[in-house]
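Down below is the structure, laid out as structure tokens.
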Amino acid sequence: MSPLRVLVTGATGFVGRRLVPALLDAGHDVRAMTRRPEGYDGPGRAVRGDVGDPDSLAAALDRVDVAVYLVHSLDHPDFEALDQAAALAFGTAAARAGVQQIVYLGGLGPDDDGELSVHLRSRRRNERHLGAAGVPVTTLRAAVVVGHGGVAWELTRQLVRNLPAMIVPRWATTPTQPIAFGDVVRYLSGVVGRPEAYGRTFEIGGPDRLTYLQMLQVAAEQVLGRSLPIVPVPVLTPRLSSYWLALVTDVDVTTGRNLIDSMGVAVLQRDTSIRDLVPFEPTPYAEAVRLALAEREADGG
């Protein structure tokens, strides 16, 4: 594949700051879009752009072949409206700039909007809004991404680290399919500039199907070297659960509430066609946890 000019939005975020080096290693010319390019010290070339400011997008997207969209407003009370407006503005600007492909990291879950949480429903609408102006969108839908700095993983790590025992709500018995952060980056990089991926949606996941309770127990074994007493109870509402999370972790109430709403929905990979396009063996959950802890240690955590 010939080198492409790739714009990565959210280049300083959890996924973006690891994806930029991977795309550079693949030989692409990478632009890291940020609201404050003067403060950017990562790889690639920093360009100013803000999805909340449509007038800033034309310059950022100028002569770009592929744009990777990694923006969300989960920590904002009105995140759904903000995300939809941003996705529409970005998709429109990308079409005007002649972008060939938008790559989007969405959320795994049922196809019926009525079965989705507000968070997951917003992710689905973003998929449609990004492509509304005509640019082919490649969507990778993931559940819990396990990696140092990820909000969902930090919830898990801090819960097992901070509590000697745990009472958890009913959502803890919901099945999900976590995926290692490195595997997400590998899939994202692997679909960039691939015409056979244009306009397609892929589901990505690790090899293990676990409940959130089982994920907590595996994490406890890795973090503490022992199992953790955990008892599910039926009485904690999403609102109460979010306050509980804010009390024992550093995740804010709004983000916690939006994540908990999604945890009541089973999110399992049903389509494995991504492995035909980007073939490799996904990382088991226990190994993903070990890698996340090692990266945190290397980062001074």
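Quick notes on this one:
- Selection within region 272-301 - without any contact (Cβ under 8 Å) to a residue 24 or more places away in the chain, farther than 23 Å from residue 197 by Cα and open to solvent by 70 Å² or more (accessible area, probe 1.4 Å): 297, 298
- Boolean, residue 35 is open to solvent by 50 Å² or more (accessible area, probe 1.4 Å), touching a Pro at 6+ places or on another chain (Cβ under 9 Å) and on the phi < 0 side of the Ramachandran plot: no
- Failed condition for residue 221, given (1) at pLDDT 95 or above; (2) open to solvent by 20 Å² or more (accessible area, probe 1.4 Å): (1)
- Meets criteria (out of contact with any strand residue (DSSP E or B) (no Cβ under 8 Å at 6 or more places or on another chain), without any contact (Cβ under 8 Å) to a residue 40 or more places away in the chain and not in a loop (DSSP other than H, G, I, E, B)) for residue 214: yes
- Residue 21 satisfies every condition listed in (1) surrounded by fewer than 20 Cβ atoms within 10 Å (Cβ to Cβ); (2) at pLDDT 95 or above; (3) closer than 16 Å to residue 72 by Cβ except (3).
- Only residues that are at pLDDT 80 or above and under 20 Å from residue 250 (Cβ atoms) were counted in region 160-178, giving 2.
- Of all residues making up region 84-98, the number that are surrounded by fewer than 23 Cβ atoms within 10 Å (Cβ to Cβ) and not polar (S, T, N, Q): 7
The values are calculated or read from the model by the stated rules, or taken from the named source; none is laboratory data. Source: prediction; values computed, not measured. Neighbour counts run over all protein chains shown; Cβ positions are idealised from the backbone, glycine included. Side chains included, ligands, DNA and RNA excluded: accessible areas come from the protein's heavy atoms. Shrake-Rupley method; radii C 1.70, N 1.55, O 1.52, S 1.80 Å.
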